[in-house]
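The values are calculated or read from the model by the stated rules, or taken from the named source; none is laboratory data. Values in this document were obtained by computation on a predicted structure and should not be read as measured data. Don't worry about glycine lacking a Cβ; one is built from the backbone with ideal geometry, like all the others, and counts go over all protein chains shown. The protein model used for the area step is the full one, side chains on, heavy atoms only, and it has no ligands, DNA or RNA in it. Shrake-Rupley method; radii C 1.70, N 1.55, O 1.52, S 1.80 Å.
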Amino acid sequence: ADAAEYLLANPALYPHAAAFHCQQATEKAIKGALVWLEIEFPFTHSLETLLALVPEDWELHQRAREISDLTEYSSRANYPGNMVLPTVDEVKAELETARFTISVVEKEHQSRS
């Protein structure tokens with residue numbers, strides 16, 4: 001998420017790269033939680049698939065749609081040819097979603113450790 005924030009602070013850089021880092025931060029946070037919970041998960045970048053494995057009582061499920069929507073950036077940043085680039089405002093919202101995901105995972109880890 002810090003990389004995305006850095007890219008957003010430098011307008012000459014590409015917003016789609018910042019969006020990619022938002023997706024990656026979210027994916028790694030969820031996968032880290034699943035490892036900690038000892039829940040096996042498939043090799044995937046699909047945040048919807050990964051989120052479905054997270055316990056239902058976690059706050060992440062309240063924003064499942066926003067989290068799942070980040071999945072598109074897992075490959076869009078690598079193949080930007082014909083895609084519509086996200087705006088800076090859109091990426092700021094994606095960054096907030098990534099930070100929300102990280103904070104929920106940290107909170108759950110602290111409360112269950």
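Observations
- Degrees separating the helix 15-36 axis from the principal Cα axis of the chain, which is the longest one: 10 degrees
- Check: the chain dipole with +1 on Lys, Arg Cβ and -1 on Asp, Glu Cβ, in debye: 200 debye
- The GluC sites (Glu not before Pro) of segment 1-75 that DSSP puts in a loop, and whose beta carbon has at most 13 other beta carbons within 10 Å, are E38, E40, E56.
- When the Cα convex hull of the chain is projected onto planes of every orientation, the mean area is 7.0 nm².
- Of F100, F20, F43, the residue with the greatest mean-square motion in the GNM of the chain, using alpha carbon springs below 10 Å, is F43.
- The distance from the alpha carbon centre of segment 91-106 to that of segment 8-75 is 9 Å, rounded to a whole number.
- Ligands, DNA and RNA left out, the 1.4 Å accessible surface of the chain is 54% carbon and sulfur atoms.
- Accessible area expressed per residue, the chain, with surrounding protein chains retained (probe 1.4 Å, Å²): 58 Å²
- Helix 88-112 axis, angle to the chain major axis (alpha carbon atoms, nearest 10°): 20 degrees
- Sorted into 5 angstrom bins from 0, the C-alpha pair distances of segment 14-76 split as 4, 19, 31, 24, 14, 6, 2, 0 percent.
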